[in-house]
1. Among what's in the stretch 41-57 and is surrounded by fewer than 16 Cβ atoms within 10 Å (Cβ to Cβ) and of a type in the set (A, V, I, L, M, F, W, C), pick the residue that is modelled with the highest pLDDT.
2. In this structure, is ILE154 of a type in the set (A, V, I, L, M), surrounded by 16 or more Cβ atoms within 10 Å (Cβ to Cβ) and touching a residue at least 60 places away in the same chain (Cβ under 8 Å)?
3. Which number in (1) touching a Leu at 6+ places or on another chain (Cβ under 8 Å); (2) modelled with pLDDT of 90 or more marks the one condition that ILE179 misses?
4. Condition first: surrounded by fewer than 16 Cβ atoms within 10 Å (Cβ to Cβ) and either basic (Lys, Arg) or within 19 Å of LEU101 (Cβ to Cβ) (or both). Now tell me which residues in the stretch 167-192 satisfy that.
5. Name the one entry in ARG116, ARG144 that is closer than 30 Å to ARG10 by Cβ, within 20 Å of the chain's Cα centre (by Cα) and in a helix (DSSP H, G or I).
6. Filter the stretch 147-166 down to the residues that are over 17 Å from LEU102 (Cβ atoms), small (Gly, Ala, Ser) and part of a loop (DSSP other than H, G, I, E, B) and list them by number.
7. Taking the stretch 10-33, which residues are within 19 Å of the chain's Cα centre (by Cα) and either modelled with pLDDT under 85 or within 17 Å of ASP62 (Cβ to Cβ) (or both)?
8. Can you tell me which residue is modelled with the lowest pLDDT among those in the stretch 120-176 that are of a type in the set (Ser, Thr, Tyr) and closer than 16 Å to THR217 by Cβ?
Amino acid sequence: MNELETTSWRSIHLELLRRINERQWPPGSLLPNEADLAAEFGCARTTVNRAMRELADAGLVDRRRRAGTRVMLLPISRVVLDIPIIRLEVEQRHAQWRYTLLERQVCLAPGRITSRLGIERDTPMLHLTSMHFADNHPFLHEDRWINPAAVPGIEAVDFFTVSANEWLIQNAPYTGGDIAFSAMNADRALAELLAAPDGAAVFVVDRITWNKTEPIT
């Protein structure tokens, strides 16, 4: 069996996913229990449990108390994460794109960010907020945390002249990601940026990208 360089839940998740995709564990097969996997990877059972939960949430395995965890019988579908360049998205609508950087600072990331990325709490990260416009109308508000350790040299980039969205796509290769879609009501500050009424319903795209086991943004 392959030895992993780290025992983070993310690296274990990727290894379990590899075994499923390569049919080392074919559809319908029973996975080893958490105790055995924890012994194999040299980590706590809670770490394995987190990796297993990710597989279950993605619909790849079926976890049942006392019956164990099995690979789903249905064929595994692969989803390609295609991240659009916002500038091109606006121009394809035959509109003129404009971009404004609102905030740029290196600061300690809050726990809600570091916990989702699987990095140490209070890790210094690059925080950027910006607005994208289509024909001078608000098009998208971007609130982004970037892991400088994953993108060497990023702190020297002039994000007043290029958007983080476009620069990262062109300069920071990624191997995978997580994406979620939801709706929320804009608070007063966000509504003002979007030129919308307070409490207006807005569409939210929440995305994380990874380079192997290292979170990027």
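The values are calculated or read from the model by the stated rules, or taken from the named source; none is laboratory data. Please read all numbers here as calculations on a predicted model, not as lab measurements. Heads up, the Cβs are rebuilt from the backbone with ideal geometry, glycines too, and the neighbour counts pull from every protein chain shown.
1. Residue satisfying both the conditions and the ranking: ALA44.
2. No.
3. For ILE179, the exception is condition (2).
4. GLN170, ASN171, ARG188, ALA189, GLU192
5. ARG116
6. GLY153
7. Passing the criteria: ARG10, SER11, HIS13, LEU14, LEU16, LEU17, ARG18.
8. Of all residues in the stretch 120-176, those of a type in the set (Ser, Thr, Tyr) come to 123, 129-130, 161, 163, 174-175.
From what is left, the residues that are closer than 16 Å to THR217 by Cβ are 123, 129-130, 163, 174-175.
Values: THR123: 85, THR129: 98, SER130: 98, SER163: 96, TYR174: 84, THR175: 81.
Per the criteria, the residue is THR175.
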